[in-house]
Each structure stands twice: as C-alpha cells, then as structure tokens.
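Report on one structure; see the data block that follows.
Laboratory data are not the source of any read-out in this text; all were calculated from the coordinates shown. All of these numbers come straight from a predicted model, not from anything done at the bench. All Cβ positions, glycine included, derive from the backbone under ideal geometry; neighbour counts span all protein chains shown.
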Amino acid sequence: MKINLVEKSTGVKPWRNAVVAACRAAMLEAGWETVLRPVIFSAVFTYVRPPSHFYTGRNSMKLRPDAPARPVDADLSKLVRSTEDAITTAGGWKDDMLAADYAGTCKVYAGDGHRRALLVPGAHIIITEITEGII
C-alpha cells in the first residue's frame, strides 16, 4: 500500500523556503556549522492584526475590545514543525529531534509590545546549543 501525504496549507511551502534561505544566510554570516547536540529552540511568530480587529471610520486605529490578545488562526505546533523541518533542510541542525527545550515560543501581533515581535509578519528564531552546565 502506498500513502501520499499532501500539505493542506498553501502557505507552508513558501514559509519553509523563506526559513531555509534565512537559516543558510545566518549560518554563513555567523560561520555556524551544523548543530549536532541538543538545543533550546525559541521562536516568536509575528502576525499583523486583520482589519476586523479594529473599528472603522475615524476610529479605525482603535482596537475593538473583542479582538483576541494573541493570534488564534494558526496552529503553533504546526508552525514550529514546519520551521524545524526547514532548519533541518538548511543544515542548521542534524535533525529537529535535537530541540530539547522550547523556551518562549509563541504567536504575537506586531505592535503589541512583545519584546521579540517583528514589525512585519515573520519569526524571530533563536537556537542555542545546550552545553554542560546550562539548566
């Protein structure tokens, strides 16, 4: 029996490609070799609020009270998995099983005050190799 898995989301492939390119560029700039030891993975995924979160007319810059505090339209675990797969493809680490800790991984809106939020949609990703003595 043969099973074909097809990605449902049309945004996954472009996202993975963007992460692969960014990871390779970061590795080149930092002189970073493929990681072979456990890591702490942290990603802050930034979204832009949709217009429906705001009033209209002269109050179009005011946030509606019923607007969610955090993005709820994407599955965080799927975002993490597709990002991990892209880092593996880029050669950032040997395998995504090396992610031993997910510190501060979350979804936020741009401009909502999160210290690692971007000004545009995307992700701020930090991978820290775990060395002896780090708890």
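Exposed loop sites here mean GluC sites (Glu not before Pro) with a DSSP loop assignment and at most 11 other beta-carbon atoms within 10 Å; the chain contains its longest site-free run at 34-131.
Calculate the dipole size of region 9-135 relative to its Cα centre from +1 charges on Lys and Arg beta carbons and -1 charges on Asp and Glu beta carbons; express the result in debye to the nearest 20. My answer is approximately 680 debye. Treating r as the C-beta distance of Asp95 and Phe54 and R0 as 35 Å, the FRET efficiency rounds to 0.25.
Our estimate of slack between Tyr102 and Arg116, defined as 0.36 nm per intervening residue step minus the Cα-Cα distance, is 3.5 nm. On full extension, the segment bounded by Thr10 and Arg24 gains 2.7 nm, given 0.36 nm per residue less the C-alpha separation. Extension gain for Ala69 to Arg37 (0.36 nm times residue separation, less C-alpha to C-alpha distance): 8.0 nm.
Each residue, Thr131 and Lys78, gets one label point 7 Å from its Cα in the Cβ direction; the gap between the two is 3.9 nm.
Every helix of 4 or more DSSP H residues in the chain counts as -39500 (n - 2.57), and over all residues that averages to -8500 deg cm²/dmol at 222 nm. Listed values (i) 22, 18, 12; (ii) 29, 21, 12; (iii) 31, 19, 14 include one computed from this model; for semi-axes √(5λ) of the Cα gyration tensor in Å that value carries the label (iii). Summing charges over all other residues whose Cβ lies under 14 Å from the Cβ of Val80, with Lys and Arg as +1 and Asp and Glu as -1, gives -1.
Scanning the chain for trypsin sites (Lys or Arg not before Pro) that sit in a DSSP loop and have at most 16 other Cβ atoms within 10 Å, the longest stretch containing none of them is 9-61.
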